[in-house]
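These notes concern the structure reproduced below.
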Amino acid sequence: MATSVPARPQTESGAIDAFCDRLIATSGELRRLLLVSKSVLTQVDDAPYLRYEDIPFDEAIVGDGLREVAEAARELAIVEPGAAATLDAVAADPTQIQRLTHSWFSAAERFARVCQEMNLDESLARLALEVAAKPYVAAAATALPPAVTTDHEPSGLCPWCGGAPDLAYLGESRGERNLVCGRCEMSWPVPRVGCPFCDNADPSTLSYAQSEDQGFRVYLCDACGRYLKTVDFRFAASEVPLYVYRLRTWTLDRIALADGYSCA
């Protein structure tokens, strides 16, 4: 069953677009820095799965990224002032940064619990880590041996790091579906139909909401209560990096979370 995402007021839409633009610029700058330095790539273990301890997060740089997200959210009134202030406080404490990044890397349930304990807005915290922490994981994953995927059967878990997807895309030729890991951003093919989290294929419990731009959807599963944002490259430009689309579609996350669904 398909529904439409409610249109946003023009002023709200402009603020959110400006917010996403700032985050994309911040994340892109960090990604370029890591690509040039290659410091992450040389420290990856040859284990079959990428582990948290394999990733040399720089808490100072991650903290700067968290503060940038908090500042942008506050200036553009994206969230309540208290939510931005709480994220700022976490960004100033290396121990809290490590705790937050570790929970984010581990599991959605643990991340949600830690956000609650820190009094963080979970959606804002996840977005901030997309900007400030995920570039490290994505860079590290590119150093894993390709053989990791040789015998991998299509499933909802990443063959590189064992993480769950937080994005999917449909190919521009035949609409084939690929999942994108929520940890390391590597992608792999899966069947087009069904929930990748619980394998539910009952159409009565599966639906999606279409954004104003038909290139973006959020798929919803009532069996497990999770959602998956999807980019359709038959309508969206395939040359745009996926992290840009992930950040650009943040409103879909907020809508799904507000409706009671959870991210992987």
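The values are calculated or read from the model by the stated rules, or taken from the named source; none is laboratory data. Because the structure is a prediction, the values reported are computed rather than measured. Here the Cβ is made from the backbone with ideal geometry for all residues, glycine too, and neighbour counts use every protein chain on show.
Values as computed for the structure displayed
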item	result
Tally, over the range 218-244, of residues that are under 14 Å from Leu170 (Cβ atoms) and either in contact with a Gly (Cβ under 9 Å, 6 or more places away or on another chain) or free of Cβ contacts under 8 Å to residues at least 24 places away in the same chain (or both)	8
Residue selected from the range 127-160 under the condition exposed (fewer than 15 other Cβ atoms within 10 Å of the Cβ), closer than 13 Å to Ser187 by Cβ and not β-branched (Val, Ile, Thr), by the criterion modelled with the lowest pLDDT	His152
Qualifying residues in the range 94-143 (those that are part of a helix (DSSP H, G or I) and β-branched (Val, Ile, Thr)) - the one nearest to the chain's Cα centre (by Cα)	Val131
Any hit, the range 204-217, residues being without any contact (Cβ under 8 Å) to a residue 12 or more places away in the chain and either touching an Asp or Glu at 6+ places or on another chain (Cβ under 6 Å) or small (Gly, Ala, Ser) (or both)	yes
Residue among Ser204, Ser262, Ser173, Ser238 that is polar (S, T, N, Q) and under 16 Å from the mean Cα position of the chain (by Cα)	Ser262
Flag if Val218 is surrounded by fewer than 16 Cβ atoms within 10 Å (Cβ to Cβ) and either among the aliphatic types (A, V, I, L, M) or on the phi < 0 side of the Ramachandran plot (or both)	no
Test result for Ile78, closer than 28 Å to Thr251 by Cβ and either modelled with pLDDT under 90 or surrounded by 19 or more Cβ atoms within 10 Å (Cβ to Cβ) (or both)	yes
Condition check for Thr230: in contact with a Leu (Cβ under 7 Å, 6 or more places away or on another chain) and under 27 Å from Ser27 (Cα atoms)	yes
